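Undergrad: Structure provided below as structure tokens; questions to follow.
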Amino acid sequence: MARLSDPVTILKGVGPTTAKQFAQLNIFTLGDLICHFPRAYEDRTKLTTIEKLEVDKPACFKAMVMNTPRTSHIRKGLDITKVQVADHTARLNLTFFNQKFTTEQLQYGKEYIFYGAVSGDFIGYNMTSPVFEPLDAPPITTRRVLPLYPLTAGLSNASVLKAVRQALAICDPPEEILPEAVRREYGILGADRAYYAIHEPSSMEEAELAKRRLIFEEFFIFSAGLALMRASRSQKSLPPYTDCDLSAFYKALPFTLTGAQTRAIGEISEDLRRGAPMNRLVQGDVGSGKTMVAAAAAYLAVRNGHQAAMMAPTEILAEQHYASLSKLLTPLGIRVALLTGSLTPKQKKLTRQAIEEGSADLIVGTHALVSDSTVFCDLGLVITDEQHRFGVSQRSKLSAKGEDPHILVMSATPIPRTLALLMYGDLEVSILDELPPGRQQIDSFLVNESYRARINAFIRKQVAEGHQCYVVCPAVEESEDLGMKAATVWAETLQKTVFPDLRIALLHGQMKGAEKEAVMNAFAQGSADVLVATTVIEVGVDVPNATLMVIEDADRFGLSQLHQLRGRVGRGKAKSYCILTSHNRNPETLQRLKALCKTTDGFKIAEEDLNLRGPGDFFGSRQSGLPVFRVANLSCDLQTLKLAQQASVRWIDTMGTEGSPEGRALRSRIRELFARAQGTMN
Ligand code: ADP
Ligand code: MG
């Protein structure tokens, strides 16, 4: 018996040349080969008769060769071989091009299995270049479900097939990692059967079953890995919070919390009571009320004698949080402080002193919080807002200022729950899937260029009524990608030719931080009428006076992103609007955009985006940290992911990975999968 780690060169027919071709496909060992799964299958199982062959529908049939094949040399590089075959129903002429060598082996009077499609013309039926095998030879290319492998130059499907078949014959497939109970519950094939059947399925159905098993397995390993990571972290111990009475907090609120907010706060206080560091993501659409959830957490931390810090990505956001949190919490006896880069040196010094002495309880700030000169007295809870704007390093720097503080991350990007579990796999997730009552709808429209004059008039009307507008462009500067509106150019056009009398401001990601802040501040204070921007405004400020957003070339954005952008308006009392422009004519694209105009449910939109565009958009450049799945595909196998997740979490909770052979095998597969993820990070 060979081992999975043995090199492919031990196989018959695999010399240095073939080995090099395999290496192109990252196949070095027998294990790699066995895990080189077909990309598709061709069903060649059905046997029919010549009479029943249908035009252009390939099928297998048994037939006898009725004459000796004859090859004519037409010209250089073109040989044509003709032969006639027959079964009890009909005769059929076969034509082969440049296959003199193989076709001349067809023997007069002998029976073969052919696989091909007939083409019809006025003379009669004909078949070109069918595949064939002698009736008495083992089926390799006919009478079976044929796997089609990913290939590389010089490597044929047949040689991969032969190599895989040999490998499966001389070594055992990867060990079983799924406990029998799980396999039974989810109707999952065993490993030995699945690894064989994925290459040699007896039917298309079996191929499907094998594939399902392997996808399940992959997700199971992945989720089990995350569950173990979570479990190992929560073994650290912290003094549990004993005082989790929130009644005074609830009384101080100017409104009743939504069910989702109450649920999230409940989950948080349970975390805090547990005596292990909390790691929780609160995810909620724009306006779902994340700040109040964070406030409750901060309130609990302070009541239990610790400091809490809340880090926001911009000064304006920090100031806004500071304003609303101090209004709510100061009457409850909590001392709230603000620390941002734009404080005077003296203010900063005083605030830092208060933080160090412990005379500030909740500190709201920007990344000034993580600077070396900020020392906390007893930092027990770290809250980061709009998490995806922070690098992991900034988050962990802030955490490092306390001793294993509780961590609460807030994100406004609605991500389908399944993906959230992948992206923030080491975090627990609370979802705010409910908006406070009485939110006004943003009316959204999709228009084409013929509406330009009306759009401009509408902008003018909003401004005349004392409101402000955003105009979002997909690019910063004109680029080779023509037809994509560039913010810089568009801002200039608007200012010079369309609205010479209005105050147009420009904001984009290539501007310096301070410059951006200044523009944003000015807009927030009402000193510009129209802000032309790129997606940098996606996260951040609350300008309740902005009532209109025009998104240029909206088809260039993902649906979730459009939804995020749209959330920048509709924050005040006045009726708000979002206009999407597009000159795209693709009916599907337009359909998507129209759907966005009709719904305001961020999670629904995110699911839709996921189905349409796959998970790439959600992961963006951070996809790097994710494992490379061999069979599984995140955008279509979500249902299986959910099941596998359920199964793995339950299994780890009840059994752990100690003591069983599956557990040991699982651990080694987890290591392997995450090592592969690391490997792709560069
Ligand atoms: P998010 O950060 O999730 O986008 P915020 O926390 O900024 O949302 O809340 C948006 C607005 O809704 C704020 O003005 C907040 O005071 C208000 N708000 C939050 N929760 C509720 C609630 N349960 N009922 C009414 N208004 C609420
Ligand atoms: Mg917020």
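Undergrad: Nearest 10 degrees, 0 to 90: what angle lies between the long axis of helix 638-655 and the longest principal axis of the chain (Cα atoms)?
TA: The helix 638-655 is inclined about 80 degrees to the chain.
Undergrad: At 1.4 Å probe radius, can you tell me the per residue accessible area of the chain in Å²?
TA: On the way: 31720 Å² over 682 residues.
Heavy-atom SASA per residue in the chain reads 47 Å².
Undergrad: Then there is this: 222 nm [θ] for the chain, helices only, -39500 (n - 2.57) per DSSP H run of 4+, per residue, to 500?
TA: Working: 23 runs with 259 residues, N = 682.
Taking each H run of at least 4 residues, the total per residue is -11500 deg cm²/dmol.
Undergrad: Near Lys401, which aspartates and glutamates are there with a Cα under 18 Å away, not counting those fewer than 8 places off in the same chain?
TA: Glu356, Glu357, Asp361, Asp372, Asp378, Asp385
Undergrad: For the Cα atoms of the chain, what angle does the longest principal axis make with the long axis of helix 290-303, in degrees from 0 to 90, nearest 10?
TA: 60
Undergrad: Of all alpha-carbon pairs in region 251-319, indicate the percentage at a distance above 18 angstrom.
TA: Working: 984 of 2346 pairs.
For region 251-319, the share of Cα pairs beyond 18 Å comes to 42 percent.
Undergrad: Using a 1.4 Å probe over the heavy atoms of the protein chains, calculate the carbon and sulfur portion of the accessible area of region 446-585 as a whole percent.
TA: Values: 3080 of 5880 Å².
Carbon plus sulfur share of accessible area: 52 percent.
Undergrad: Scaled to the compact-protein estimate 2.2 N^0.38 Å, what is the alpha-carbon radius of gyration of the chain, rounded to two decimal places?
TA: The reported ratio for this selection is 1.24.
Undergrad: Here is a follow-up. Could you give the dipole magnitude of the chain about its Cα centre, charging the beta-carbon of Lys and Arg +1 and that of Asp and Glu -1, in debye to the nearest 20? Kindly include the intermediate steps, with their values, before the conclusion.
TA: On the way: 78 positive and 75 negative charges, 104 e Å.
Dipole magnitude for the chain comes out near 500 debye.
Undergrad: Another question, if that's okay. Compute the helix-to-body angle for 661-679: its Cα long axis versus the longest principal axis of the chain, expressed 0 to 90° and rounded to tens.
TA: For helix 661-679, the angle is close to 70 degrees.
Undergrad: Considering the dipole of region 1-113 built from charges on the beta carbon (Lys and Arg +1, Asp and Glu -1) around the Cα centre, which of Gly31, Thr81, Asn93 is farthest to its positive end?
TA: Farthest along the dipole direction, towards plus: Thr81.
Undergrad: Any idea which of Gly305, Gly287, Ala224 is furthest toward the positive side of the dipole for region 174-321, if Lys and Arg beta-carbons carry +1 and Asp and Glu beta-carbons -1?
TA: Gly305
Undergrad: Further, regarding this structure: Leaving ligands, DNA and RNA out of it, report the carbon-plus-sulfur percent of the accessible area of region 138-264 at a 1.4 Å probe.
TA: Details: 3250 of 5630 Å².
Using a 1.4 Å probe with all protein chains present, region 138-264 comes out at 58 percent carbon and sulfur.
Undergrad: Another question, then. Arranged from highest to lowest average of other beta-carbon atoms within 10 Å per residue, in what order do the peptides 294-307, 51-64 appear?
TA: Working: 294-307: 23.4, 51-64: 16.4.
Output ranking for 294-307, 51-64: 294-307, 51-64.
Undergrad: Can you check how the C-alpha radius of gyration of region 3-79 compares to 2.2 N^0.38 Å, as a plain ratio? Working shown, then result.
TA: Working: Rg = 20.3 Å, N = 77, 2.2 N^0.38 = 11.5 Å.
In units of the globular-protein estimate, region 3-79 measures up at 1.77.
Undergrad: Just order 317-324, 16-23 by mean Cβ neighbour count inside 10 Å, highest at the front, would you? Don't jump to the answer; show the numbers that get you there.
TA: Working: 317-324: 19.8, 16-23: 15.0.
Highest to lowest by the protection proxy: 317-324, 16-23.
Undergrad: Pick out, in residue order, every one of the chymotrypsin sites (Phe, Trp or Tyr not before Pro) in region 236-272 that is DSSP loop and has at most 16 other C-beta atoms within 10 Å; say none if there are none.
TA: Here the sparse-neighbourhood loop sites are Phe255.
Undergrad: Given charges of +1 on the Cβ of Lys and Arg and -1 on the Cβ of Asp and Glu, with all other atoms neutral, how large is the dipole of region 302-383 about its Cα centre, in debye to the nearest 20? Before the final figure, lay out each step's value.
TA: Numbers: 7 positive and 7 negative charges, 39 e Å.
Once rounded to the nearest 20, the dipole reads 180 debye.
Undergrad: Cross-link partners among lysines for Lys46, C-alpha distance below 29 Å, same-chain residues fewer than 8 apart left out?
TA: Lys57, Lys62, Lys82, Lys100, Lys110, Lys162, Lys211
Undergrad: While we're here: Grab every C-alpha pair in region 105-197, bin the distances at 10 angstrom width from 0 up to the longest one, and report whole percents.
TA: Distribution as computed: 12, 28, 29, 19, 10, 3, 0 percent.
Undergrad: Can you order the peptides 176-187, 31-42 by their average number of other Cβ atoms within 10 Å per residue, highest first?
TA: Working: 176-187: 16.2, 31-42: 17.9.
Highest to lowest by the protection proxy: 31-42, 176-187.
Undergrad: Given the options Leu339, Gly190, Val118, identify the residue whose Cα lies farthest towards the positive end of the charge dipole of the chain (+1 on Cβ of Lys, Arg; -1 on Cβ of Asp, Glu).
TA: My answer, from the dipole projection, is Val118.
The values are calculated or read from the model by the stated rules, or taken from the named source; none is laboratory data. Here the structure is a predicted model, which is why all the values come from computation and not from measurement. Note: ideal-geometry Cβ built from the backbone for every residue, glycine included; neighbour counts use all protein chains shown. Heavy atoms of the whole protein, side chains included, go into the accessibility calculation; ligands, DNA and RNA do not. Shrake-Rupley method; radii C 1.70, N 1.55, O 1.52, S 1.80 Å.
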